[in-house]
Amino acid sequence: MSDSLRVLGIEGTAWAASAAVYDSETDSTYIESDAYQPESGGIHPREAAEHMHGAIPQVAEAALSHARELAAANGGDGDAAHGADEASDGSGDPPIDAVAFSRGPGLGPCLRIVATAARTLAQTLDVPLVGVNHMVAHLEIGRHTADFSDPVCLNASGANAHLLAYRNGRYRVVGETMDTGVGNAIDKFTRHVGWSHPGGPKVEAAAEDGEYVDLPYVVKGMDFSFSGIMSAAKDAYDDGVPVEDVCHGLQETIFAMLTEVTERALSLTGSDELVLGGGVGQNERLREMLSEMCAARDASFHAPEPRFLRDNAGMIAVLGAKMYAAGDTVPIEESAVDPDFRPDEVPVSWRENAGRPLVSQEPPERTVDGAEAVVTVDRAAGVVTKRRIQKTYRHPTLDARLRRERTAIEARLASQARRVGVPTPVVRDVDPYTSTITYEYVGDRDLRDALSVERVRAVGRHLAAIHAAGFVHGDPTTRNVRVTGPGTDRPGQTGSETSRAGSNASPVDGEPTYLIDFGLGYHTDHVEDYAMDLHVFDQSLVGTASEPEPLRAALRGAYREAGDERVLDRLADVEGRGRYVGE
Ligand SMILES: C[C@@H](O)[C@H](NC(=O)OP(=O)(O)OC[C@H]1O[C@@H](n2cnc3c(N)ncnc32)[C@H](O)[C@@H]1O)C(=O)O
Ligand SMILES: Nc1ncnc2c1ncn2[C@@H]1O[C@H](COP(=O)(O)OP(=O)(O)OP(=O)(O)O)[C@@H](O)[C@H]1O
Ligand SMILES: [Fe+2]
C-alpha cells in the first residue's frame, strides 16, 4: 500500500459487534467492540443478531469519529488518497477511503445486520465497499503484524479450526477439523459442567491446578476431530475425575493435536513461518506448544496480540485496506453475505507472488527432519533409519504413548500392505525402546516433487487395496509416497532431468509407487475412515500441485476402478459437510 489509506472495518459474524479504523500511514488500528454475552448456554443466533442490531451502529459511530479526528489532525484531509469527492450528505471529504465488512462465514442473521450497516455507511459517505472473508482476515492480520511473506496459518477459533497455506492465488485449506471448531468443542464441555460462556478461558485457568489425564487423540494426516475427546472428557467428569484434571488433559491433548498437524503442514509446504489466528489463540499453553515446536525446527512463530486474535474489526479493516488498494471492491448489488464462505473461495487479489516453489533436490546422503521423526538416508548403503524423536511440546506421558504406538503400527502396516500387493519399503529392524525403524531405501524422490497423473492413479489403486484389506494409511500425503524417475508439474523446479520431463510426464514403465510412513494407520471397516484417507490425499494434492484438478480426477478414477464406490460417495459427503455452523 503506497498511498496513505484509511479504512473502516465492521465485524459481527458471531459474538463481537466491532468496528475499527486502519490508518496505513501510521500502521495503526483503532478498535471499538461490544461483546454479546449469552445469559445461559452457548451463542443463540437470534439473541446474537439482536445484540448486533443495537451495538453495531454505536461501535461504527465510535470508529468513524476516531477517523474524523485523524482526518482533522491531517489538516482537514487535503490528501488526494482520501478522495476529493464530497460525501453525499454534503458534509465534506469522507474521513475514510472505504468500508470493509465481514461477509462470512458466520451466523446468517448477524451477517445480514453487519452488511446492511456497511452498505448504508458506504452509500452515505460515498466510498467503495469491500467484502472480507473473516477467516482470511484471521490469517492476514498475523501476516501483516509479523511481516512474514508466506506463512502457514493455524486458525484456532470458536467455530473453526484449520490450516491454511497460500498456493496459486488462493489460501488452500491443507488441514481442518472434521467436526466442530476447537473453541466450540471446549465450550460444549464447559456447558456440560455448568460454566458460563465462553469456556476457553475457564478451562485454561482450571488446567493450571490439574494433573494430566489420558484422552482420545485423533489426527488423520492434517485433519483432526474433537467429538471423541469431548465425549470422553464429559464421561470422565461424570465419573468423578476432578474437573481441573479433565481440563488439563483436554488442553494437553487438543493443543498437541493442533501443534502436530501444524508441524506436518510446515513440513509438507516447506514453509518456515507460522502465524496463529482466532480466539483460542489467546490460550497461553497453545502458544507455548506452537512456539516450542517452531523453535525445534528453526521456524519463526508469530501470534498477534490478543485484541487481533479474538473476533475483531481491526483485522477486517487491515485486510480491507489491502483489498481496496488492489482494486478489490464489491458493488452494493453484489455484496450478499455468505454464512458458509470458505477461505479457499477467495481470489487473493492483494498478493503478487504465487507462493514459494517447493524445493526438491535430493542428495545421496541426508537427514530429513520430518514432522515426527528424524530420518537418516544412506542411499549408497540402501538404508533409511527413522527415529521418532521426543516432542517436548507434548506432555511426556502422551509423547511416550504416541511414539511407542506409532512405531509399532508403522512397521506392522508396512508389511501388511506389501502382502496385499502395495509397494512399501522392507522393514529391516524395529527398536521399540528408541522408537526406531530401519527400512530399505526406496524410490529416488517424493511424489510431491514428481507429481503425475499415472503416479496419482497408482496411489488411488494402492489405497483401494489396503482399504479392501481392512486398514487405512492415516496420512497419505504427497510426501509419504516415494517414486522413481523424472516428472513434475511444479514450476520453479531445478535440475535438467525434471525440466526436460515437462508436465504430467509418465513414470518410467514398471517403476513402483511406494507408500511409506504408516504411523497414523489403523485397522477399521468403516467407510468413513476410508473416505478420510482419500480426503487427506486429495487435500495434499490441492496443497502441493500447481494444477491439482487433473490429479484429483485421476485419484477418483483409479479408486473407482479398483475400490468400493461407497467410499467415493462418502468422500463427496465429507467434502460437502459445512463446518461453519454456529452452535
Ligand atoms: C465465524 C466466526 O464468527 C467465529 N468466531 C469465533 O469463534 O470467535 P473467536 O473470538 O475467534 O473465538 C472464540 C472462542 O475462543 C475461545 N477462547 C477464548 N479465550 C480462550 C482461551 N484463553 N483458551 C481457549 N479458548 C479460548 C472461546 O471459548 C470461544 O470458543 C470463527 O472465527 O470461527
Ligand atoms: N524407505 C525410504 N526410502 C527413501 N526415502 C525415505 C524412506 N522413508 C522415508 N524417506 C524420506 O524421508 C522423508 C520423511 O519420512 P517420513 O514421512 O517417514 O517421516 P515423518 O517424520 O513421518 O514425516 P512426515 O510426518 O512429515 O510425513 C520422506 O518424505 C522421504 O523423503
Ligand atoms: Fe473468528
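The values are calculated or read from the model by the stated rules, or taken from the named source; none is laboratory data. All values reported here derive from a predicted model rather than from experimental measurement. Heads up, the Cβs are rebuilt from the backbone with ideal geometry, glycines too, and the neighbour counts pull from every protein chain shown. The protein model used for the area step is the full one, side chains on, heavy atoms only, and it has no ligands, DNA or RNA in it. Shrake-Rupley method; radii C 1.70, N 1.55, O 1.52, S 1.80 Å.
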*Which one of these does Ile96 not meet: (1) in a loop (DSSP other than H, G, I, E, B); (2) modelled with pLDDT under 95?*
(2)
_Positions within the range 270-310 being at pLDDT below 95 and either touching a Pro at 6+ places or on another chain (Cβ under 7 Å) or under 17 Å from Val136 (Cβ atoms) (or both), in sequence order_ = Ser271
*Would you mention how many residues in the range 1-44 are of a type in the set (Phe, Trp, Tyr) and within 16 Å of ligand 3 (Cβ to nearest atom)?*
2
*Evaluate the following for Lys391: is it in contact (Cβ under 8 Å) with a residue 24 or more places away in the chain and within 26 Å of the chain's Cα centre (by Cα)?*
yes
*Within the range 411-437, how many residues are open to solvent by 30 Å² or more (accessible area, probe 1.4 Å), farther than 29 Å from Gly563 by Cβ and within 14 Å of ligand 2 (Cβ to nearest atom)?*
3
_Name the single residue that is surrounded by the fewest Cβ atoms within 10 Å (Cβ to Cβ) among those in the range 538-570 being touching a strand residue (DSSP E or B) at 6+ places or on another chain (Cβ under 9 Å) and closer than 14 Å to Pro476 by Cβ._
Val542
*If you take the residues of the range 1-46 that are more than 16 Å from ligand 1 (Cβ to nearest atom) and β-branched (Val, Ile, Thr), which of them is surrounded by the most Cβ atoms within 10 Å (Cβ to Cβ)?*
Val7
*Would you mind listing the strands (runs of 3 or more DSSP E) fully within the range 124-176 where at least 1 residues are within 13 Å of ligand 3 (Cβ to nearest atom) and within 22 Å of Ala60 (Cβ to Cβ)?*
129-133
_Going through Ala55, Ala49 one at a time, which residue ends up being under 25 Å from Asp97 (Cα atoms) and either free of Cβ contacts under 8 Å to residues at least 60 places away in the same chain or assigned by TED's automatic domain parsing to the domain that holds Ala122 (or both)?_
Ala55
*Can you tell me which of Val193, Val203, Val213 is farther than 30 Å from Val346 by Cα and within 11 Å of ligand 1 (Cβ to nearest atom)?*
Val203
*Give the number of residues within the range 513-537 that are open to solvent by 40 Å² or more (accessible area, probe 1.4 Å) and out of contact with any Lys or Arg (no Cβ under 8 Å at 6 or more places or on another chain).*
4
*On the given criteria, is Gly327 in the same structural domain as Val99 (by TED's automatic domain parsing), surrounded by fewer than 17 Cβ atoms within 10 Å (Cβ to Cβ) and either part of a loop (DSSP other than H, G, I, E, B) or in contact with a Phe, Trp or Tyr (Cβ under 8 Å, 6 or more places away or on another chain) (or both)?*
yes
*Which of the residues that make up the range 270-295 are among the hydrophobic types (A, V, I, L, M, F, W, C) and within 16 Å of ligand 3 (Cβ to nearest atom)?*
Val275, Leu276, Val280, Leu286
*For the range 398-410, how many residues meet the condition of being touching a residue at least 60 places away in the same chain (Cβ under 8 Å) and surrounded by fewer than 15 Cβ atoms within 10 Å (Cβ to Cβ)?*
1
*Answer yes if at least one residue in the range 457-480 is farther than 14 Å from Thr524 by Cβ, open to solvent by 20 Å² or more (accessible area, probe 1.4 Å), away from ligand 1 (no atom under 16 Å from the Cβ) and at pLDDT below 95, and no otherwise.*
yes
